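**Student:** I'd like to ask some things about the structure below.
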Amino acid sequence: MNVLVKSATIVDPKSDFHNETVDILIEKGRISKISKRISNPNNYREIKCDNLHISQGWFDSSVSFGEPGYEERETIDNGLKTAAQSGFTAVALNANSNPVIDSYADITFVKSKAQGKATSLYPIGALTKSSNSTDLAELYDMKNAGAIAFYDYQKPIANPNLLKIALQYASNFEGLVYSFPQESKISGLGVANEHINSTRLGLKGNPALAEALQVSRDLFLLEYTEGKLHIPTISTAKSVELIRAAKARKLDVTCSVAIHNLVLTDDCLDGFDTRYKVLPPLRTQNDCDALIEGLKDGTIDMITTDHNPIDIEDKKVEFDYAKYGTIGLESAFGALQTVFTTKKTIHLLTQGKSRFGISSSAISVGALADLSLFNPDATYQFDKSNITSRSKNSAFLGLELKGKVYGVIANNKIVLK
């Protein structure tokens, strides 16, 4: 793949060309020249886009595609195409499938389905067999097959001894364990944040306490085992406080927050629209403010779309019975820019790879081209025409977003909208 990118502003503080508008010549998938103006004697394909900006490729630490088993929700092929068109050059795939991805063969299968794509897929293996929280899955075998972490997607580990053993065992091969932050005996049948809105609307409440208790327990277990822990999609101010204190004690813990928990609150629930039924639930503005502050001071290590396609049949039902989840890849950049500056948005989208052993490099001559292309200033109303996922269950439909994504150049391929 040979291509000449014209008049692109580089957004990469690690690059010598940060904030400069330059031409970038890419030959055989590698950056061969960066200069103010580059001629094109070989008649390579040229990329010219309005207000074009380029950064290191974006990474998402939590996506679900359905395949195998839920192909009607999303396939790996279309999911990776959607990720590429949304600016992501790497995604971590949850074991949110049927059957659950919990063996060497399962990891090999999903990796094979992702071969030859612009966006790289990194599988997350289930922590327990069939994600049933009873027996540990084949963690070491899955690690050897290419799993970057272990997680029973959105299923809390009720047995603290099981998590203790998982942290101890995985530490033998530098395995990273996820633990979903919810104490199920407290959350019960709650479907919305336990607060004024859930009471007013008559919805069963899932209190912030359920998350704080689980986070606190898991941090105690982490301190005891000296393992590696990642807490995905935190949603409360108390969680930020607890993790900040744990990092001050030098515990090996990281965490993420879903974009919808950053920019939306439980005020959205007035119409009982199931697009807003997510897990953890949308919380209060006070929680959003604490999460944003946690990202600014480094307590929260990364953002995620927590992209989770759901069948229309499982969303077009009463709120209590609808499945949890929203898609988020297509809206990620535009939604983040309603909260942060472009510089901070790109930082949030590009950090996090090192936690999973995924390499990255500054935009420089000689580096592999792993690039996201975008216009940070375009504003638009997000609607179904912006969605390429098979499922359309987006919590961001109808919102005014800022920033248009053109696509990616990665893995010796070009994907543009």
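**Student:** Being within 28 Å of the chain's Cα centre (by Cα) and touching a residue at least 24 places away in the same chain (Cβ under 8 Å) is the filter here, so list the residues in the range 190-202 that pass it.
**Tutor:** Across the range 190-202, the qualifying residues are GLY190, VAL191, ALA192, ASN193, HIS195, ASN197, SER198.
**Student:** Quick check on my filter: what residues within the range 354-369 are surrounded by 21 or more Cβ atoms within 10 Å (Cβ to Cβ) and touching a Phe, Trp or Tyr at 6+ places or on another chain (Cβ under 8 Å)?
**Tutor:** The first filter runs over the range 354-369 and keeps only residues surrounded by 21 or more Cβ atoms within 10 Å (Cβ to Cβ), leaving 363, 369.
Within the range 354-369, ILE363 is the sole residue that qualifies.
**Student:** Look through the range 186-208, keep the residues that are outside any loop (DSSP other than H, G, I, E, B) and of a type in the set (Gly, Ala, Ser), and return whichever of them is nearest to LYS155 (Cα to Cα). Working first, answer last.
**Tutor:** Taking the range 186-208 as the starting set, the residues that turn out to be outside any loop (DSSP other than H, G, I, E, B) are 186-187, 192-193, 196-201, 205-206, 208.
Filter again for of a type in the set (Gly, Ala, Ser), leaving 187, 192, 198, 205, 208.
Numbers: SER187: 12, ALA192: 17, SER198: 23, GLY205: 18, ALA208: 17 Å.
Residue satisfying both the conditions and the ranking: SER187.
**Student:** Further question on the same structure: Can you name the condition, by its number, that VAL22 falls short on among (1) in contact with a Gly (Cβ under 8 Å, 6 or more places away or on another chain); (2) closer than 26 Å to SER359 by Cα; (3) at pLDDT 95 or above?
**Tutor:** It is condition (1) that VAL22 fails.
**Student:** Just checking, how many residues over the range 20-36 are among the basic types (Lys, Arg) and not in a loop (DSSP other than H, G, I, E, B)?
**Tutor:** 2
**Student:** Here's something else I'd like to know. Please verify whether the range 309-322 includes one or more residues that are modelled with pLDDT of 95 or more and under 14 Å from the mean Cα position of the chain (by Cα).
**Tutor:** yes
**Student:** Hey, any hits in the range 315-323 for a residue that's hydroxyl-bearing (Ser, Thr, Tyr) and touching a residue at least 24 places away in the same chain (Cβ under 8 Å)?
**Tutor:** So far as the range 315-323 goes, no, none of its residues is hydroxyl-bearing (Ser, Thr, Tyr) and touching a residue at least 24 places away in the same chain (Cβ under 8 Å).
**Student:** Quick one: in the range 380-417, which of the residues that are without any contact (Cβ under 8 Å) to a residue 24 or more places away in the chain and more than 23 Å from ALA322 (Cβ to Cβ) is surrounded by the most Cβ atoms within 10 Å (Cβ to Cβ)? Walk me through it before giving the result.
**Tutor:** From the range 380-417, those without any contact (Cβ under 8 Å) to a residue 24 or more places away in the chain are 381, 383-385, 398; that's our starting set.
Next cut, more than 23 Å from ALA322 (Cβ to Cβ) only: 381, 385.
Details: GLN381: 11, SER385: 8.
If we take residues in the range 380-417 being without any contact (Cβ under 8 Å) to a residue 24 or more places away in the chain and more than 23 Å from ALA322 (Cβ to Cβ), then GLN381 is surrounded by the most Cβ atoms within 10 Å (Cβ to Cβ).
**Student:** Just give me the residues in the range 196-240 being acidic (Asp, Glu) and farther than 16 Å from THR284 by Cα, in sequence order.
**Tutor:** ASP218, GLU223, GLU226
**Student:** Which residue is least open to solvent (accessible area, probe 1.4 Å), if the candidates are limited to the range 174-191 and must be over 25 Å from ASP252 (Cβ atoms) and hydrophobic (A, V, I, L, M, F, W, C)? Please lay out each step first, then the result.
**Tutor:** From the range 174-191, those over 25 Å from ASP252 (Cβ atoms) are 184-191; that's our starting set.
If we keep only those that are hydrophobic (A, V, I, L, M, F, W, C) too, we end up with 186, 189, 191.
Numbers: ILE186: 67, LEU189: 139, VAL191: 12 Å².
Filtering first and then ranking leaves VAL191.
**Student:** Considering the range 284-307 alone, what residues qualify as being of a type outside the set (Val, Ile, Thr) and either on the phi > 0 side of the Ramachandran plot or open to solvent by 10 Å² or more (accessible area, probe 1.4 Å) (or both)? Reasoning before the result, please.
**Tutor:** So the first thing to find is which residues in the range 284-307 are of a type outside the set (Val, Ile, Thr), and the list is 285-291, 293-298, 301-302, 306-307.
Passing the criteria: GLN285, ASN286, ASP287, ASP289, ALA290, GLU293, LYS296, ASP297, GLY298, ASP301, ASP306.
**Student:** Okay, next question. Restricted to the range 192-218, and to residues that are open to solvent by 10 Å² or more (accessible area, probe 1.4 Å) and among the hydrophobic types (A, V, I, L, M, F, W, C), which residue is farthest from TYR276 (Cα to Cα)? Spell out the reasoning first.
**Tutor:** The initial filter retains those residues of the range 192-218 that are open to solvent by 10 Å² or more (accessible area, probe 1.4 Å), namely 194-197, 199-205, 207-209, 212-213, 216-217.
With among the hydrophobic types (A, V, I, L, M, F, W, C) added as a condition, the list becomes 196, 201, 203, 208-209, 212-213.
On the way: ILE196: 17, LEU201: 14, LEU203: 13, ALA208: 17, LEU209: 21, ALA212: 22, LEU213: 24 Å.
Looking at the filtered set, the residue picked out is LEU213.
**Student:** From the list SER359, SER364, exactly one residue is part of a loop (DSSP other than H, G, I, E, B) and free of Cβ contacts under 8 Å to residues at least 12 places away in the same chain. Which is it?
**Tutor:** Step by step, each of SER359, SER364 is checked, and only SER359 is part of a loop (DSSP other than H, G, I, E, B) and free of Cβ contacts under 8 Å to residues at least 12 places away in the same chain.
**Student:** Which condition does SER372 not pass, out of (1) assigned to a loop (DSSP other than H, G, I, E, B); (2) polar (S, T, N, Q); (3) surrounded by 23 or more Cβ atoms within 10 Å (Cβ to Cβ), if it passes all the others?
**Tutor:** (1)
The values are calculated or read from the model by the stated rules, or taken from the named source; none is laboratory data. What you see is a predicted model; the values in this text were computed from it and never measured. Using ideal geometry, Cβ is built from the backbone for each residue, glycine included, and neighbour counts are taken over all protein chains shown. With ligands, DNA and RNA removed, areas are computed over all heavy atoms of the protein, side chains included. Shrake-Rupley method; radii C 1.70, N 1.55, O 1.52, S 1.80 Å.
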